[in-house]
Amino acid sequence: PRARMSPPASPEPKDVPVWDGLLRAFHWSLVVLVMAAIATGLAGGAWMPWHARAGQGIAALLVLRLTWGLWGSRYARFTEFWPAPTRVAAYLSGRWQGLGHNPLGALSVVAVLVLLLFQVGSGLVGNDEIAFTGPG
């Protein structure tokens, strides 16, 4: 008698490029600029012009990310990972399947973007009576 062959093992998982080069460059540039803004803000004094430059760089990156979130590659678009209540509920019940950020990760992305927008906005309009004078 012929030996039965067991079914083949499941195929190797396929690599799917989720985050494109622009998004990776955004992430690491944001890390560097936020660290620079923190360091120069804490140092104060003569470092404040560099603090302003770091903040302006962060503002430019946020504009880039918001633009890329609307018109960028598939997984970079906000519609692809927006943390809708149904997605969050599916994730919490173990039914969510997808690529990229899970719904709780998407909530953290939204929170970080909102906090950075607030931080940059308040820095742009602030007045420290030393190096910065906001509009008005």
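Comparing Ala36, Ala25, Ala46, which has the greatest mean-square fluctuation in the GNM of the chain with Cα pairs linked when under 10 Å apart? Greatest mean-square fluctuation among the candidates belongs to Ala46. Across the protein chains, with a 1.4 Å probe defining accessible surface, the residues Tyr91, Tyr75 rank Tyr91, Tyr75 from largest area downward. Among the trypsin sites (Lys or Arg not before Pro) in the stretch 73-127, those located in a DSSP loop and surrounded by at most 11 other Cβ atoms within 10 Å of their own Cβ are Arg95. Compared with the dominant Cα axis of the chain, that is its longest principal axis, helix 21-43 is turned about 40°.
Of the residues Thr133, Pro49, Pro11, the one whose Cα sits farthest towards the positive end of the charge dipole of the chain is Pro11 (charges of +1 on Lys and Arg Cβ, -1 on Asp and Glu Cβ, taken about the Cα centre).
Here the dipole of the chain is about 780 debye; that uses its Cα centre as origin and unit charges on the Cβ of Lys and Arg (positive) and Asp and Glu (negative).
Seen against the Cα atoms of the chain and their longest principal axis, helix 103-125 is set at about 10 degrees.
The helix-based estimate of mean residue ellipticity at 222 nm for the chain, built from -39,500 (n - 2.57) per DSSP H run of four or more residues and divided by its residue count, is -20000 deg cm²/dmol to the nearest 500. In the full protein context, the chain carries 73 Å² of accessible surface per residue, based on a 1.4 Å probe and ignoring ligands, DNA and RNA.
The values are calculated or read from the model by the stated rules, or taken from the named source; none is laboratory data. Here the structure is a predicted model, which means the values were calculated and not measured. Cβ atoms come from the backbone with ideal geometry, glycine included; neighbour counts cover every protein chain shown. Just so you know, the surface numbers come from the protein's heavy atoms only, side chains and all, with ligands and any DNA or RNA stripped out. Shrake-Rupley method; radii C 1.70, N 1.55, O 1.52, S 1.80 Å.
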